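The values are calculated or read from the model by the stated rules, or taken from the named source; none is laboratory data. Here the structure is a predicted model, which is why all the values come from computation and not from measurement. Every residue, glycine among them, receives a Cβ derived from its backbone with ideal geometry; neighbour counts consider all protein chains shown.
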Amino acid sequence: MCSYFLICDLRNYRKLSLSCFLLSLCFNAFADGNLTKLKVDSDVVYFASDEAKQHGIPACVASASEQEWAVSLNTATGKAMYSLLVTASTGNRKITVVSANDCADAVGFERAKSVEISPPQQQSSSKLFLYKSDGTTLLGEFKGIFDYKYAYIPLGEQQLKLERQWTNTAVYYTTNDCTGTPYSRNEGAVGRNSSVNNGQFFISKSWDYSIYTKSVRNGNADCLAYVNSSFTGYKLDFTYQNPFCGDYDCIIKIGN
C-alpha cells in the first residue's frame with residue numbers, strides 16, 4: 001500500500017522549469033483475514049491469520065514465523081492492538097495488519113505497526129416466519145401449530161391468527177400399487193398428499209362413474225391394499241391453488 005507525493009522547489013517558480021521529485025511512502029498490509037492464532041508470552045502478543053502475507057518479508061524474520069506477527073504490550077499502541085485482536089477473536093471479525101517492516105518487538109517476528117478489524121457481522125434473526133409455498137411470499141411470523149392449524153401473526157398486525165394446516169388426504173387407486181389415476185371419494189374435496197404429485201394441492205371435480213379400488217395412499221402417505229366395493233370416484237385437479245399457501249403446503253423459515 002503506497003502513497004505518492006510530488007515535491008517541487010517553488011523558489012524558482014518564475015523560471016520555465018521547476019525542480020521536482022516524486023516521493024513515495026509505502027506500507028505493507030495484507031487483506032482481511034481471520035485470526036488463527038493469538039498468544040501472549042511475557043510482554044509480547046503473537047498472532048496470525050488465514051490470509052498469507054503478500055508483501056516482502058523483512059530479512060530479520062525467521063522462516064518458521066514468516067506468517068506470524070508480534071507486538072509489545074509495553075506500549076499504549078500495543079495494548080490497544082491486543083484489545084482489538086481479542087475483540088476480533090471473540091466476535092469472529094476479520095483483521096487487516098500494517099507491517100512496521102522490522103522485528104523490534106520480538107526476535108524473528110515481524111512487528112505489526114497497526115491492526116484494523118472489520119465491522120461486526122449482522123446476526124440473522126432467530127425468529128420463525130411463515131411463507132407461501134413459493135418460498136418468497138411472506139405471510140407473517142410463525143408461532144406454532146395448534147390443533148392442525150398454523151398460528152401466526154400477519155405482517156403489520158399484532159393479533160395471532162390461525163390457518164388450517166393441510167395433513168395428508170386419502171387418495172384411492174384402481175391398481176394394486178398406488179399407481180395410475182388417483183381418485184377421491186368426495187366431490188369438491190380439497191386436499192393434498194405428500195406422496196401424490198409431490199404434495200401439490202388438488203380439488204376433486206369430474207366423476208368417473210363407479211370404480212373398484214385396490215389400493216390407497218392413507219393419512220401417513222403409505223400405500224396400502226384397499227379392497228372395497230365399487231363407489232363413485234372423482235378425479236383430482238392439480239391446477240387448484242390453495243388461497244393461503246399456494247400450489248403446495250406453506251413453508252417455515254428461520255429469519256426473514
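Being surrounded by 15 or more Cβ atoms within 10 Å (Cβ to Cβ), touching an Asp or Glu at 6+ places or on another chain (Cβ under 8 Å) and within 25 Å of residue 132 (Cβ to Cβ) is the requirement here; does residue 233 meet it?
In short, no.
If you take the residues in region 58-116 that are among the basic types (Lys, Arg) and in contact with an Asp or Glu (Cβ under 6 Å, 6 or more places away or on another chain), which one is nearest to residue 42 (Cα to Cα)?
111
Exactly one of (1) part of a strand (DSSP E or B); (2) within 30 Å of residue 163 (Cβ to Cβ) is unmet by residue 126. Its number?
The one condition residue 126 does not meet is (1).
Only one of (1) modelled with pLDDT of 90 or more; (2) outside any loop (DSSP other than H, G, I, E, B); (3) farther than 30 Å from residue 119 by Cβ; (4) aliphatic (A, V, I, L, M) is not met by residue 22, so which one is it?
The one condition residue 22 does not meet is (1).
Provide a single number: the residues in region 199-210 that are modelled with pLDDT under 90 and either hydroxyl-bearing (Ser, Thr, Tyr) or more than 10 Å from residue 235 (Cβ to Cβ) (or both).
Count: 3.
So residue 84 fits all but one of (1) among the aliphatic types (A, V, I, L, M); (2) surrounded by fewer than 17 Cβ atoms within 10 Å (Cβ to Cβ); (3) touching a helix residue (DSSP H, G or I) at 6+ places or on another chain (Cβ under 8 Å); what number is the exception?
Just one mismatch for residue 84, condition (3).
Does residue 131 satisfy the condition of being hydroxyl-bearing (Ser, Thr, Tyr), in contact with an Asp or Glu (Cβ under 9 Å, 6 or more places away or on another chain) and either surrounded by 12 or more Cβ atoms within 10 Å (Cβ to Cβ) or not assigned by TED's automatic domain parsing to the domain that holds residue 90 (or both)? Can you show your working first?
Details: hydroxyl-bearing (Ser, Thr, Tyr): yes; in contact with an Asp or Glu (Cβ under 9 Å, 6 or more places away or on another chain): no; either surrounded by 12 or more Cβ atoms within 10 Å (Cβ to Cβ) or not assigned by TED's automatic domain parsing to the domain that holds residue 90 (or both): yes.
No, not satisfied.
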